[in-house]
């Protein structure tokens, strides 16, 4: 038996079509690149057209297959249109990575209603809206896999992050509910839960809190693995859930945080 060949076959995404939201930058772009490296064709969904087109260019320039689709995951109409554009270009959908999210670092007393709506609509409702559109196509195609991006704060609370903690906790339990509903149709649903990852979003959190981003990097030394995470770290966990390596795993979550919750 060719052991190396068997392992490569389990990880291969050749012939698969993957949709990644928030794929223009940060964790989303890391996920899109990793899945493309393993052979998937990528539908890059993002509200930021410039960033989305840059991600498309990066993947295509490296020999992969990718197409940018402008999509605001808060909009049911945008999600319907993005689903149809993906099907028009690639004919089917095998992998959906619900990764788009935003944060507002405030407690409930200072958080405004429109800020709550922005965080919950992007980070949680967006998971529902796109899954609502794409999962029926997976079922008709014989199955698929959905990977939702949660957070360490899916599992515990955090300071001055009321809306984000609520959205990410909801994402994790929505993952479990979807896994129960769609397992009989061969659709697996899992969740990755990153800790602090060195991205523009983390820098934006620092700005909202009036903190120096370098302080967060130094605090990473308190984690068992002594560093912040990278988009690649999270993308590798997504790859596990997207591939046949996890073909008997659903309704699960994987914490990717350098040991911060240990």
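All of the numbers you see were taken from the coordinates with simple rules; none came from a lab. The shown structure was predicted, so the numbers you read here are calculated from the model rather than taken from an experiment. Using ideal geometry, Cβ is built from the backbone for each residue, glycine included, and neighbour counts are taken over all protein chains shown.
Relative to the longest principal axis of the chain, what angle (0 to 90°, nearest 10) does the C-alpha long axis of helix 200-209 take?
Around 20 degrees separate the two axes.
Rounded to the nearest 0.05, what FRET efficiency do residue 6 and residue 81 give with R0 = 25 Å and r taken as the Cβ-Cβ distance? Could you check?
So the FRET efficiency works out to roughly 0.05.
In a Gaussian network model over the chain where Cα atoms closer than 10 Å are linked, find which of 235, 220, 32 has the largest mean-square fluctuation.
Between 235, 220, 32, it is 220 that shows the largest mean-square fluctuation.
If you take every DSSP beta bridge whose two residues both sit in the chain, what share of them, in percent to the nearest 5, is antiparallel?
0 percent
For a quick check: sort 223, 29 by the number of other beta carbons within 10 angstrom, fewest at the front.
Listing 223, 29 from fewest to most nearby Cβ atoms yields 223, 29.
Cut-off 10 angstrom, C-alpha nodes, Gaussian network model of the chain. Which of 35, 87, 172 fluctuates the most?
Among 35, 87, 172, the largest mean-square fluctuation in the Gaussian network model of the chain belongs to 87.
Alpha carbon centre of region 156-174 versus region 67-87: separation in Å?
25 Å
Counting pairs of alpha carbon atoms under 8 Å apart in space and at least six apart in sequence, what relative contact order in percent does region 32-184 give?
After rounding, I find 21 percent.
Could you check the simple spin-label distance between residue 117 and residue 49, using points 7 Å along Cα→Cβ, in nm with one decimal?
2.5 nm
Kindly express, to the nearest 10 degrees and within the range 0 to 90, the angle between helix 162-182's C-alpha long axis and the longest C-alpha principal axis of the chain.
Helix 162-182 sits roughly 20 degrees off the main axis of the chain.
Give me the number: length gained by fully extending residue 230 to residue 211, i.e. 0.36 nm times residue separation minus the C-alpha to C-alpha distance, one decimal in nm.
4.8 nm
Given a Förster distance of 25 angstrom, what is the FRET efficiency for residue 218 paired with residue 155, based on the Cβ-Cβ distance and rounded to 0.05?
0.55
Give the angle, between 0 and 90 degrees and rounded to the nearest 10, that separates the Cα long axis of helix 76-90 from the longest principal axis of the Cα atoms of the chain.
With rounding to tens, the tilt is 40 degrees.
Dividing the Cα convex hull volume of the chain by residue count, how many Å³ per residue is that?
Spread over its residues, the Cα hull of the chain gives 134 Å³ apiece.
Can you sort 124, 111, 11 so the residue with the fewest Cβ neighbours within 10 Å comes first?
11, 111, 124
Sort 198, 233, 244 by Cβ crowding within 10 Å, fewest neighbours at the top.
Final ranking by Cβ density, sparse to dense: 244, 198, 233.
Over the chain, calculate the relative contact order: mean separation of alpha carbon pairs under 8 Å at least 6 apart, over the residue count, as a percent.
Computed value for the chain: 20 percent relative contact order.
Quick one: compute the contact order of region 134-216, relative version, from alpha carbon pairs under 8 angstrom and 6+ residues apart, as a percent.
It rounds to 35 percent for region 134-216.
Would you compute, from DSSP H runs of 4+ residues alone, the mean residue ellipticity of the chain at 222 nm, taking -39500 (n - 2.57) per run and dividing by the full residue count, rounded to the nearest 500?
-14500 deg cm²/dmol
So if R0 is 35 Å, what FRET efficiency would residue 37 and residue 247 give, r being the distance between their Cβ atoms, rounded to the nearest 0.05?
So, using R0 = 35 Å, E works out to roughly 0.95.
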